[in-house]
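Nothing in this text is a laboratory measurement; each read-out follows from the coordinates by a stated rule. Model, not experiment: these values are computed from the prediction. Note: ideal-geometry Cβ built from the backbone for every residue, glycine included; neighbour counts use all protein chains shown.
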Amino acid sequence: MLFTLFACTLPLRESGLDPTGDGSDVPFGDTAVDLLPFFPRGPAVSPDGGMLRGISILPHVGALSADSATVWVRLIQPGRFRVLYRPVGGVLQQSSWVSVAAEQDFAGIATLRNLRPATRYEYAVEVAGGGSSPFRSFTSLNLPGQGTARVGFMADGRSELPAPVYGLLGSANLDMVLQIGDFDHRDPYDVGGLDPEAWWDMYRDLLGGEASGVDIQQLLLPTTPLWMMWDDHDYGSDNGFREMPYRDVARGAFAAYMGRELNQSGDFWTRISDGPLDIFLLDLRSDRDSFAKPDGPDKTMIGASQWAWLQAQLSASTAPFKLIVTTVPFNPTTEKVDAWFAYEDERQRLLGWLDQEQIQNVFFVSADIHTGGAIDDGTNAGLPELNLPTTNMHSEHCTAPTCGSWSEGVYEGDDRAGYGVVDVRYSGGEGRWVCTLSTFDGQGRRRHSLRLLGPS
């Protein structure tokens, strides 16, 4: 499927990246491009149809901190690329060269180092023997415990459908966006068996090949970092777990496309520190037992290694608020068979451990029940929880026996598209940190909200 995006060109001098105006100080092509048409399965193309710069899918920032970022890109063939970057108005820097190969579907990431906190950067990808990508931008995060945090969340989409929610997220002044599962619902194992092409094809569509991919390239990725985590339908199949035959194939494909480095143990879970907010992004597919296993102390959704990591990270965190991102509902009243409802022993173990260690100001963001959003103050979930709307799916029912009980409400109407936002800032009038959880509909109107009071 081909979608044509219209190009807008801007001379390098006007963009601020070429101080002399002759291109000699910047090893890019002679123009910078804000948005280019491209073929996700083939080369990026110029408006007249010619091959452009050796790039198949345009770059985006896939991980971010106060002093570093990763930039992901897909080339059209084996080759090398690097990223040139600078603070707006500052001195140009460059990453190391990165090689890509067919084994990773020609995708790779470059790491940008020595960033300044809370600073706007612009960047472009240079292909060895070719030209450059469009210029894009991002803002590095605040140092831990400083400034504010404003993070967007989305989940549960379909690649073939338009996703105007991306435009709302792209204009919401967010530090970053987390896509927390079921980016697409195609179940790649059911489509292509153990062929990694089934997963690669899904990610290529999500990042440009189908309708939602065109929207994310136009409306979100030019200015907003995107963190990714999977759930069952992008892992491989409905209710997938550790023993699935495709586990290693799926993990290899996700590693190529998730846009960031694996953690020290070679896994996907990670901690993100954004000023006053620490985010613990969990992988709840790679190491989980089947939901059909009888519940008890030996049944796990997290897995032993991730459990030990989560305990250590939460214990070490000094952030005013601590967010655990779970791709399935923590609230057991949904009675969803592959959510925490079916892993009640482990759910109670986590709640009990947090209470025992007196780790406070913890809350959850979750997804996967296909409502228009829901928020609970902890009455039903045990701790505060925001459950996300779908991104662009228009479900007529929840994916659980019940949508559950949520103290601040749950939207079960017809149009369930939307997104969530977590906002943390210091309230001088109250003399304390405040965290606001909000769900929004597909028009950007607030549906639910909950205000959490933190430490002074």
Dipole of segment 310-456, positive end: most advanced residue of Ala417, Thr371, Thr439 [Cβ charges, Cα centre]: Thr439
0 to 90° range, to nearest 10: angle between helix 304-316 axis and the chain longest Cα axis: 90 degrees
Full-extension gain in nm, Glu335 to Asp248, via 0.36 nm per residue minus C-alpha separation: 28.4 nm
Cross-link partners of Lys299 among aspartates and glutamates (Cα-Cα below 15 Å; sequence separation of 8 or more within a chain): Glu243, Asp287, Asp289, Asp338, Glu344, Asp345, Glu346
Proxy reagent accessibility, fewest Cβ within 10 Å first, across Asp441, Asp105: Asp441, Asp105
Efficiency of FRET from Cβ geometry, Ala128 and Thr436, R₀ 45 Å, rounded to 0.05: 0.45
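For a quick check: sort Asp274, Asp267 by the number of other beta carbons within 10 angstrom, fewest at the front.
By the 10 Å Cβ count, ascending: Asp267, Asp274.
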Signed unit charges on C-beta, dipole axis of segment 149-453, positive-most listed residue Leu351, Ser315, Tyr203: Ser315
Cα gyration tensor category, rounded, prolate or oblate, for segment 94-198 with a/c compared to 1.5: oblate
Dipole moment magnitude, nearest 20 debye, segment 384-456 about Cα centre, only Lys, Arg, Asp, Glu C-beta charged: 340 debye
Inter-site label distance for Gln358 and Val88 at 7 Å from Cα along Cβ, in nm: 4.5 nm
Computed [θ] at 222 nm, helices only, for the chain once each DSSP H run of length n ≥ 4 contributes -39500 (n - 2.57): -4500 deg cm²/dmol
Among beta bridges that DSSP assigns inside the chain, antiparallel share in %, nearest 5: 75 percent
Alpha-carbon centroid distance for the pair segment 395-456 / segment 243-309, whole angstrom: 25 Å
At R0 = 51 Å, FRET efficiency that the Cβ-Cβ distance of Leu194 and Leu453 yields, to 0.05: 0.55
Neighbour-count order for Ser273, Ser56, Ser137, Ser265, fewest beta carbons within 10 angstrom listed first: Ser265, Ser137, Ser273, Ser56
Spin-label pair Ser96/Ser171, simplified geometry with 7 Å Cα→Cβ offset, distance in nm: 4.1 nm
Summed residue charge, Cβ within 11 Å of Gly413's Cβ, Lys/Arg positive, Asp/Glu negative: -3
Residue-by-residue Karplus 3J(HN,Hα) for segment 212-219, coefficients 6.51, -1.76, 1.60, Hz, glycine and proline x: 5, x, 4, 5, 5, 6, 7, 10
Cα-centred dipole magnitude for the chain, charges only on beta-carbon of K, R (+1) and D, E (-1), debye, nearest 20: 1360 debye
For segment 122-133, Karplus couplings with θ = phi - 60° (6.51, -1.76, 1.60), whole Hz, Gly/Pro x: 10, 8, 8, 9, 10, 9, 4, x, x, x, 10, 7
Distance between modelled label sites at Ala312 and Leu161, nm, 7 Å Cα→Cβ extension: 4.1 nm
Sum of side-chain charges, Gly157 neighbourhood, beta-carbon under 9 Å (Lys, Arg +1; Asp, Glu -1): -2
Relative contact order, percent, segment 149-453 [alpha-carbon distance under 8 Å, six or more residues apart]: 18 percent
Global geometry of segment 157-294, whether rounded, prolate or oblate, following the gyration tensor of its Cα atoms and the 1.5 cut on a/c: oblate
